[in-house]
Amino acid sequence: IKTALTAGPLAGKHILVTSGPTHEPIDPVRYIANRSSGAQGTALAAALRDLGANVTFITGPASVPAPTGVTVVRVETAVQMLAAVQSALPADAAIFVAAVADWRVANAAASKLKKDGSGKAPPLEFTENPDILATLSKMGAGRPTLVVGFAAETDNVLAHATAKRLRKGCDWIVANDVSPERGIMGGTENAVTLITDAGSDVWPRLPKSQVARRLAAKIADTLRG
Ligand code: CTP
Ligand code: CA
């Protein structure tokens with residue numbers, strides 16, 4: 001049994017995976033979120049585990065259950081997710097599948113907002129969240145050997161994702177087209193293009209579990225040199 005648990009091409013490797021949406025509070029009972037189910041990140045964590053990796057799975061409030069056999073760290077907000085990622089280091093690879101909210105409410109209320117009878121909505125102010133992927137990509141000493149981002153786009157997918165890889169400084173970007181008519185967000189399949197310094201590779205539309213296995217196998221090949 002010991003051999004079965006420790007075998008595999010990723011045995012001895014520590015890999016971080018972020019997954020799910022983040023929730024950004026407006027007040028104690030309301031939040032801003034997005035449509036990520038956490039399905040692709042969960043499938044990837046399971047596939048990496050199956051190849052023998054020691055996986056730390058840092059997840060926002062997802063609608064699918066976290067995988068078994070990994071270390072699960074649950075967070076709500078982007079700021080908490082960054083802190084959890086930093087405390088989980090060092091890692092051999094970090095894969096950022098989470099759909100992190102780009103903005104949080106700067107003037108979140110400490111108690112529940114109430115209608116004041118004027119008919120006016122409360123003015124919400126927004127501030128940009130930290131970019132977790134870019135922070136890790138550019139951290140210098142202690143940077144994971146392989147840093148991978150996902151890029152959810154609805155138009156000009158390849159161009160936007162290629163620019164995003166360079167801007168953030170990650171090694172690979174997994175680009176996916178999340179236009180509503182393709183049914184990727186919240187669905188069971190994904191159609192991705194893997195962008196590396198060697199160019200772009202268009203994968204067929206596959207179940208998220210198979211996208212995960214294929215990506216995990218490529219990560220194992222790369223970490224083994
Ligand atoms: N990401 C992150 N922290 C953020 C925003 C994004 O770690 N605050 C990561 C995501 O997990 C993903 C990658 O960055 O791996 C790209 O996310 P995306 O939302 O596509 O990129 P943004 O830079 O936020 O650009 P956009 O304006 O297109 O949303
Ligand atoms: Ca974003």
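The values are calculated or read from the model by the stated rules, or taken from the named source; none is laboratory data. None of these values were measured; they are calculated from a predicted model. Counting neighbours? That spans all protein chains shown, and the Cβs are built from the backbone with ideal geometry, glycine included. Quick note on the areas: whole protein, heavy atoms, side chains included, nothing else; ligands and nucleic acids left out. Shrake-Rupley method; radii C 1.70, N 1.55, O 1.52, S 1.80 Å.
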(message) Are there strands (runs of 3 or more DSSP E) fully within the stretch 75-178 with at least 3 residues that are under 18 Å from the mean Cα position of the chain (by Cα)? List them.
(response) 93-96, 146-153, 172-177
(request) Only residues in the stretch 51-80 that are closer than 18 Å to A93 by Cα count as the first member; pair them with residues that are polar (S, T, N, Q) and not in a strand (DSSP E or B), Cβ under 7 angstrom, at least 6 apart or cross-chain, and list the lot. (result) G52/T6
(request) Could you grab me the full set of residues in the stretch 94-120 that are of a type outside the set (A, V, I, L, M), away from ligand 1 (no atom under 16 Å from the Cβ) and touching a residue at least 24 places away in the same chain (Cβ under 8 Å)? (result) S111, K112
(request) Specify which of the listed residues (T127, T196, T135, T154) is at pLDDT 95 or above, of a type in the set (V, I, T) and more than 23 Å from V55 (Cβ to Cβ). (result) T127
(message) Go through the stretch 86-100 and report how many residues are open to solvent by less than 20 Å² (accessible area, probe 1.4 Å) and touching a Pro at 6+ places or on another chain (Cβ under 7 Å).
(response) 3
(request) Could you tell me which residue of the stretch 106-133 is most open to solvent (accessible area, probe 1.4 Å), considering only residues that are within 16 Å of ligand 2 (Cβ to nearest atom) and hydrophobic (A, V, I, L, M, F, W, C)? (result) F126
(message) Of all residues being open to solvent by less than 40 Å² (accessible area, probe 1.4 Å) and in a loop (DSSP other than H, G, I, E, B) in the stretch 51-60, which is farthest from G8 (Cα to Cα)? Just the residue, please.
(response) G60
(message) Checking F150 against (1) touching a residue at least 60 places away in the same chain (Cβ under 8 Å); (2) open to solvent by 70 Å² or more (accessible area, probe 1.4 Å), only one condition comes out false. Which one?
(response) (2)
(request) Have a look at N190, N176, N156 and point out the one that is at positive phi and not basic (K, R). (result) N156
(request) With the condition kept exactly as written, say whether any residue in the stretch 159-171 is closer than 18 Å to G38 by Cβ, among the hydrophobic types (A, V, I, L, M, F, W, C) and within 16 Å of ligand 2 (Cβ to nearest atom). (result) no
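Residue-by-condition table, conditions (1) open to solvent by 50 Å² or more (accessible area, probe 1.4 Å); (2) polar (S, T, N, Q); (3) in contact (Cβ under 8 Å) with a residue 60 or more places away in the chain; (4) under 25 Å from A62 (Cα atoms):
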{"residue": "A141", "(1), (2), (3), (4)": "yes, no, no, no"}
{"residue": "T154", "(1), (2), (3), (4)": "yes, yes, no, yes"}
{"residue": "H160", "(1), (2), (3), (4)": "yes, no, no, no"}
{"residue": "S179", "(1), (2), (3), (4)": "no, yes, no, yes"}
{"residue": "V192", "(1), (2), (3), (4)": "no, no, no, yes"}
{"residue": "I195", "(1), (2), (3), (4)": "no, no, no, no"}
{"residue": "L206", "(1), (2), (3), (4)": "no, no, no, yes"}
{"residue": "R213", "(1), (2), (3), (4)": "yes, no, yes, yes"}
{"residue": "T222", "(1), (2), (3), (4)": "yes, yes, yes, no"}
(message) Consider the stretch 16-50. How many of its residues are of a type outside the set (K, R) and in a strand (DSSP E or B)?
(response) 11
(message) Condition first: more than 13 Å from the chain's Cα centre (by Cα) and surrounded by 21 or more Cβ atoms within 10 Å (Cβ to Cβ). Now tell me which residues in the stretch 32-50 satisfy that.
(response) A46, A47, L48, R49
